[in-house]
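Report on the following structure.
The values are calculated or read from the model by the stated rules, or taken from the named source; none is laboratory data. Not measured: the values here are computed from a predicted model. Please note: Cβ atoms are built from the backbone with ideal geometry, for glycine as well, and neighbour counts cover all protein chains shown.
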Amino acid sequence: MSVMKKISEFEREELISRAKSAVNDEPIEWFDQLYGMANRDPTIIPWARMAPNPIMMNWVEKNCSVGNALVIGCGLGDDAVGLETIGFNVTAFDISEHCVDWCKERFPTSNVDWLVGDILNPKQEWYGNFDLIVEIHILQAIPDGGIREKAAEQMPKLLGDNGKMLCIGRLDDGHQTIQPPPWPLKETWLIDSFSVLQSLEFTPFRNDDSLDVLRYYAAWQNTV
């Protein structure tokens, strides 16, 4: 397996800045610009791991029964395909059409339902339909001031009875050292945003390759 080049924080900020400038700092549309700029080169996408998130896979395998899963902001598709391999029927969407087309090219034999979509305006048939929702690094990429709050408000509504939601991202400890995005999230904001659900766990952690960045994974359940 080839090892992806790890870009520096400076390179990351420069790529995002170029993408945002091209769409006049639209809070979400710059994602599609960045995927288009990449021209199928995954090293250009700062958050691309080219493998399923290991924390997601470990948590889901230990805590979930298979069923219908939704991946919010699917990126290059590895998390969605990872869930498919352990038995989930997966719907994966991204706001970027370039991104969704790329996923279909990368995984031509997958049964994942790849869709262009917007968490601010979910498809009607998604409401109450999912046994598992996964959100990784998406909320932290949306600026506050109302847009992020609207996205968070929609997420619990997509869970079916006893459905579970897993979120992974950067945790705001007051020591942000890079230019946003991302905007690390406060634990209190996450707890308040998903107060309609039962909290299952909230775990801070650090990756070995970025010990200066505090992160979290957190899970909730739609109890009935």
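Out of Ile142, Ile191, I need the residue that is at pLDDT 95 or above and out of contact with any His (no Cβ under 7 Å at 6 or more places or on another chain). Which one?
Only one candidate qualifies: Ile191.
Among the candidates Ala141, Ala152, single out the residue that is among the small types (Gly, Ala, Ser), buried (at least 19 other Cβ atoms within 10 Å of the Cβ) and without any contact (Cβ under 8 Å) to a residue 60 or more places away in the chain.
Among Ala141, Ala152, only Ala152 is among the small types (Gly, Ala, Ser), buried (at least 19 other Cβ atoms within 10 Å of the Cβ) and without any contact (Cβ under 8 Å) to a residue 60 or more places away in the chain.
If Ile147 satisfies all but one of (1) out of contact with any helix residue (DSSP H, G or I) (no Cβ under 9 Å at 6 or more places or on another chain); (2) more than 21 Å from Glu97 (Cα to Cα); (3) not acidic (Asp, Glu), what's the number of the condition it fails?
(2)
Being closer than 21 Å to Tyr217 by Cα and part of a helix (DSSP H, G or I) is the requirement here; does Glu125 meet it?
Considered against the rule, which asks whether it is closer than 21 Å to Tyr217 by Cα and part of a helix (DSSP H, G or I), Glu125 comes out as no.
Name the residues in the range 76-103 that are more than 17 Å from Met165 (Cβ to Cβ), in contact (Cβ under 8 Å) with a residue 40 or more places away in the chain and not aliphatic (A, V, I, L, M), would you?
Selection gives Asp94, Ser96, Glu97, His98, Cys99, Trp102.
With loosely packed, with under 13 Cβ neighbours inside 10 Å and of a type outside the set (A, V, I, L, M) as the only criterion, which of Gly146, Gly169, Gly117, Gly163 stands out?
The match here is Gly146.
Filter the range 53-108 for residues that are of a type in the set (Val, Ile, Thr) and assigned to a strand (DSSP E or B) and give the result.
Hits for the range 53-108 are Val71, Ile72, Val90, Thr91.
Go through the range 28-59 and count every residue that is more than 15 Å from the chain's Cα centre (by Cα), surrounded by 19 or more Cβ atoms within 10 Å (Cβ to Cβ) and at pLDDT 95 or above.
1
So which residues in the range 186-220 are of a type outside the set (A, V, I, L, M) and either in contact with a Gly (Cβ under 7 Å, 6 or more places away or on another chain) or in a loop (DSSP other than H, G, I, E, B) (or both)?
Lys186, Phe194, Ser195, Asp208, Asp209, Arg215, Tyr216
Report every pair of residues separated by at least 6 positions or lying on different chains whose Cβ atoms are under 7 Å apart, first residue within the range 54-69 and charged (D, E, K, R), second surrounded by 11 or more Cβ atoms within 10 Å (Cβ to Cβ).
Glu61/Ile86
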